[in-house]
Structure formats: C-alpha cells, structure tokens
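Engineer: What follows is a structure written as structure tokens; I'll ask about it next.
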Amino acid sequence: MSVAAILVAAGSGSRLASTRPKAFVDLAGEPLVVHAARRLMAGGVVDTLVAVVPADWVEQAQRLLPRAHVVVGGASRVDSVAAGLAALPAEVDVVLVHDAARALAPPTLVLAVVQAVCEGNPAVVPGLAVTDTIKQVDASGAVVHTLDRASLRAVQTPQGFDRATLQRAHAQPPTGAHTDDAGLVEALGTRVLVVPGDPLALKITTPADLAHAERLLQ
Ligand code: CTP
Ligand code: MG
C-alpha cells in the first residue's frame, strides 16, 4: 500500500485573527503546519506528503517542508483538498486528509486511521463522544429538538480514504458546503467508519485554542 497525506493549510484563519495565515502561525516556536507535518510523518506509514497552502506562501512552505509537494489551495476547504488530490502521484492507494489546524494530532491516531483503511474500510474518520448536550435550533433561536448525545461523535482529522473513493466523492456535483471529506463520501452512500479520536487532535480555531495547545506542549 502506498499512503499519501494531503495537509490542508490554505485557510486564512479569520477566527484566529493573526497577521499571517493560521497554518503559518507559531506554536511553541514552530508554525502549525510544521507541527502537523512532523506528527503525520512520524509513524513512518505516510510515503508522500502534499501540503496545500495560500498562493503567497508556496516558497515559505517549501522551505519549511523540504520533503513535501507544495501546491496552491482554493477558496474553500473542499477546493484545497481537490488541489491536493490533483497533485497525488499515480501509485498512491490510500489518502489521508489532515487539517494543519489540528497541529497536535498524534502519530498513534495517524496509524489507527491508516490501519482501518488498509483493513478494507473505504472511509475512516476519528471521532470523540460528545460531552455537551446538543440542541437543534431554528432561526429565532428556539429549540427544535434535543439530539441523542449517545449517538453523536465530534469528528477530527486525519480522515483516511481508499483513493478511488475519495476521488469519486470529489467528482460529484457540488451539494452545499462540506466541512470535511467524509461528508462528500457520505453523499455517495458509501459507509464511513468512525474510530476513536484523540483530544490532542483538537482544531486550533481561536486564540484560546492556540493558548490551550501551548499548554498541552509544556
Ligand atoms: N483550509 C484550506 N483551504 C481553505 C480553507 C481552509 O486549506 N480555503 C484548511 C485550513 O488551513 C485548516 C483546515 O482547512 O488547516 C480547517 O479549516 P479552518 O480551521 O476553518 O481554518 P481557516 O479556514 O483557516 O480558519 P477560519 O475559518 O477561522 O478562517
Ligand atoms: Mg475555515
């Protein structure tokens, strides 16, 4: 099996509100994208790394990640993943898609996702049980429904796919905004397996998340 990882790092980070794109913001002295790439590659199962970055950051990304293929992302996360898919070498059979914003996702999580895909699952996502009670609300803010928490999972990345499945998912006509790749695979009607996630794979979204990640590294 040849495994590639698409590391999406082309977002602006509007909620972090830094002067640079979020993936290039430092955490304990190194950019988030470097943390994420190091942990993706540490287990030794990822053969190819494709980093997807904003157009102005290609040279900087290539300096930071000399082993990566660096490509330019798009306006949405789905567009950025598609740009990464288009850059994959022919021999790749398994594709991980990972957010640079989940900079501390540990190598054990990467291995668990790859293993589940290699066991024959076409789409595998890490997920954590939800501890808050989640309510669906209408436009006025009134509760429509309380969801059954026991059946809910908060999903993370890396998400792993059989390459052909992910390419079919991305080739579908657009059906609204998808915040992850598993959503596109679900739209195909293909089974998506959730495996245990890891609290370290939190998504760094706000300044408070960045501070929390700094504390986790200490
Ligand atoms: N991403 C991307 N291309 C985009 C949008 C997002 O590659 N057009 C990437 C981000 O770089 C990030 C991951 O997708 O690693 C998850 O997105 P998110 O956390 O929303 O990051 P941003 O879009 O950068 O942040 P914000 O939504 O606050 O602007
Ligand atoms: Mg975003």
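Engineer: For the stretch 23-30, does any single residue satisfy the condition of being in a helix (DSSP H, G or I), surrounded by 20 or more Cβ atoms within 10 Å (Cβ to Cβ) and more than 13 Å from ligand 2 (Cβ to nearest atom)?
Structural biologist: Taking every residue of the stretch 23-30 in turn, at least one turns out to be in a helix (DSSP H, G or I), surrounded by 20 or more Cβ atoms within 10 Å (Cβ to Cβ) and more than 13 Å from ligand 2 (Cβ to nearest atom).
Engineer: Which one of these does MET41 not meet: (1) modelled with pLDDT of 95 or more; (2) within 13 Å of ligand 1 (Cβ to nearest atom)?
Structural biologist: (2)
Engineer: Scan the stretch 55-83 residue by residue and report those that are of a type in the set (D, E, K, R) and either without any contact (Cβ under 8 Å) to a residue 60 or more places away in the chain or part of a strand (DSSP E or B) (or both).
Structural biologist: Within the stretch 55-83, ASP56, GLU59, ARG63, ARG67, ASP79 meet the criteria.
Engineer: I want to confirm something. Restricting to the stretch 91-105 and keeping residues that are in a strand (DSSP E or B) and crowded, with 24+ Cβ neighbours inside 10 Å, which single residue is nearest to ligand 1 (Cβ to nearest atom)?
Structural biologist: ASP99
Engineer: Restricting to the stretch 31-54, count the residues that are among the aliphatic types (A, V, I, L, M), surrounded by fewer than 21 Cβ atoms within 10 Å (Cβ to Cβ) and part of a loop (DSSP other than H, G, I, E, B).
Structural biologist: Total meeting the criteria: 1.
Engineer: Filter the stretch 193-211 down to the residues that are in a helix (DSSP H, G or I) and within 9 Å of GLN156 (Cβ to Cβ) and list them by number.
Structural biologist: Passing the criteria: only ALA201.
The values are calculated or read from the model by the stated rules, or taken from the named source; none is laboratory data. Keep in mind that this is a model prediction, so the values were computed, not measured. Quick reminder, even Gly has a Cβ in these numbers, built from the backbone with ideal geometry, and neighbours come from all protein chains shown.
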